[in-house]
Amino acid sequence: MYGLEAINAANGWAMAYTGAIIVFSGLVVLSFVVSQLNRILGFWESFIKNFKPTQQSKQTDEIKDEDTFVVPHCVPSDINKAAQYYSPVIKELEQPFELTSLYAISQQKGFPHPHITISCFRQANILVPEGDGLFRWNQPQNI
Amino acid sequence: MELLIQFLTNTGYYLADYRHIIMLLIGSVFVYLGTAKQYEPLLLVPIGFGILVGNVPFFKGFGLGIYEPNSVLHYLYFGVTTGLYPSIVFLGLGAMTDFSSLLARPKLMLLGAAAQMGIFFTLLSALALGFLPKEAASIAIIGGADGPTSIFLTAKLAPHLIGPIAIAAYSYMALIPVIQPPIMRLLTTRKERLIHMSELRQVSKKERVIFPVVGMILCCYLAPASIPLLGTFFFGNFMKECGVTERLVKTARTAIIDIATIFLGFTVGASTQGDVFLTGKSVGIFLLGAVAFSIATASGVIFAKIMNLFLKDKINPLLGAAGVSAVPGSAREVHLVGQREDPTNYLLMHAMACNSSGVIGSAICAGILWSFLV
């Protein structure tokens, strides 16, 4: 079979125009989506930008709450100043307290060398023994 | 003496006939064009040498020929008949493709769609010439100017035509500098060829990362039969753009695609045994391939001119010729034709956008035709 007869017999016309329409519509849709991709991303980024300040302000609030926990990079040589840094930690503990609890919280907060500092507080009588392994915080007067 | 005579009757010299000689000549021309003229050497050299190897006559039954079960060549050819090599080539192609220009100007994607019209016109022509529907579809896909896609579809629909169709597809890809420029010049005026394209916007990394995912979903959902090609193509591109799989991308775009190309070209060449290849059908396929390729080029150019009727920011109609998926040959040719008119006109990046959409378009067409005819 040849010519138009062969095309008709094989359903050629339908295959040709259906195929052409499918490939064209497929690429038109892809082209449209691609053209919108930039806008969608722009919209998403602006949404994220608008969303971020709320998150940031929340974070700032949290930091403000935690501002009391100022952790020094190194232990100040002045024991009174060191005690100033430790006073917010002490507030978290019920008086009297065990030194292990103070040590644990100090380490958790990231204070440098808490073991040595606590030992200095003991020597300076800032940590006063109450008996039964418990200690009381004796706030230095000049803070 | 009898043993010697028996041996001599089994040699290629004794068994050769005129068809082998013709094929050896064709193979030599391919090797010559690939090496001396450097026309698509990465394709023509393996194919050409494969033709030479495939046309060494041998005593049938020794398990030597590509069509004989259990022969080494037959096992290598397995990657062609199953569509494995084209799929791997597409993976590497995806890992090499930069879609930035396409993302910057998505309307150029329509030229990639328009250039596929050559496929459907050729489908009708092949049917009219008496080819069976599956053969006609395999021949028509030559219009996509995509070797791996042509081989993939032919392996699925008309495996007996892989040789001639692959040779036709790759020959026309290599002959882009000869075929396309006259059509481009014939269908455009000098004024149109001088159109400068506006500068492309900067494309963000996020767009480039999202595109292969979106592209794969949209195209493969539309034509699931194109998954073996477009699935790997977009996967390769995603690996390239995501930026965290550098080692995999490097392998995909070097070793993997090279290995697949070598075996694909060599075995396709070897499949062109004179007795199988030199038939009336092969001549018809070559003629229809030329028609398909020319119409694909012309329809891209004409569609670009039609688009210009509606666009404020005119596009250079030469870009339509790059809608065929011969990457990067047709884009390079569009650029050169544009530069011949005006050396300051740089069309390459814009043409690459059409080219890469042509790859997607022809793979979708292959999927569509396969699903029509299964």
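Can you find a residue in the stretch B:351-361 that is out of contact with any strand residue (DSSP E or B) (no Cβ under 9 Å at 6 or more places or on another chain) and away from chain A (no Cβ under 14 Å)? Yes; the residues of the stretch B:351-361 include at least one that is out of contact with any strand residue (DSSP E or B) (no Cβ under 9 Å at 6 or more places or on another chain) and away from chain A (no Cβ under 14 Å).
Restricting attention to the stretch B:174-209, the residues being out of contact with any Pro (no Cβ under 7 Å at 6 or more places or on another chain), in a loop (DSSP other than H, G, I, E, B) and not small (G, A, S) number 11. You will find that of B:A169, B:A136, B:A113, the residue that is at the interface with chain A (Cβ under 8 Å from one of its Cβ atoms), within 25 Å of B:F99 (Cβ to Cβ), in contact with a helix residue (DSSP H, G or I) (Cβ under 8 Å, 6 or more places away or on another chain) and assigned to a helix (DSSP H, G or I) is B:A113 and no other. Report yes if B:V29 is in a loop (DSSP other than H, G, I, E, B) and at pLDDT 85 or above, otherwise no. The answer is no for B:V29. Return yes when B:A104 is surrounded by 18 or more Cβ atoms within 10 Å (Cβ to Cβ) and within 10 Å of chain A (Cβ to nearest Cβ) and no when it is not. Answer is yes for this residue.
Of all residues in the stretch B:116-133, those satisfying the criterion of being among the small types (G, A, S) and more than 7 Å from chain A (Cβ to nearest Cβ) are B:G118, B:S125, B:A126.
Results for (1) touching a helix residue (DSSP H, G or I) at 6+ places or on another chain (Cβ under 8 Å); (2) without any contact (Cβ under 8 Å) to a residue 12 or more places away in the chain; (3) loosely packed, with under 15 Cβ neighbours inside 10 Å, shown as yes or no for each residue.
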{"position": "B:L8", "(1), (2), (3)": "yes, yes, yes"}
{"position": "B:I26", "(1), (2), (3)": "yes, no, no"}
{"position": "B:V29", "(1), (2), (3)": "yes, no, yes"}
{"position": "B:T35", "(1), (2), (3)": "yes, yes, yes"}
{"position": "B:I47", "(1), (2), (3)": "yes, no, no"}
{"position": "B:I51", "(1), (2), (3)": "yes, no, no"}
{"position": "B:G54", "(1), (2), (3)": "yes, no, no"}
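When the residues of the stretch B:285-332 are filtered to those that are surrounded by fewer than 23 Cβ atoms within 10 Å (Cβ to Cβ) and in contact with a Phe, Trp or Tyr (Cβ under 7 Å, 6 or more places away or on another chain), the one that is modelled with the lowest pLDDT is B:A290. Among residues of the stretch B:139-161 being of a type in the set (A, V, I, L, M, F, W, C) and not in a helix (DSSP H, G or I), the one that is modelled with the highest pLDDT is B:A158. You will find that of B:S138, B:S150, B:S171, the residue that is more than 15 Å from B:W370 (Cβ to Cβ) and among the hydroxyl-bearing types (S, T, Y) is B:S171 and no other. When A:S101, A:S106 are screened for being part of a helix (DSSP H, G or I), among the polar types (S, T, N, Q) and within 12 Å of A:A82 (Cβ to Cβ), only A:S106 passes.
The values are calculated or read from the model by the stated rules, or taken from the named source; none is laboratory data. Owing to the predicted nature of the structure, the values given are computational and were not obtained by experimental measurement. Backbone-built Cβ (ideal geometry, glycine too); neighbour counts: all protein chains shown.
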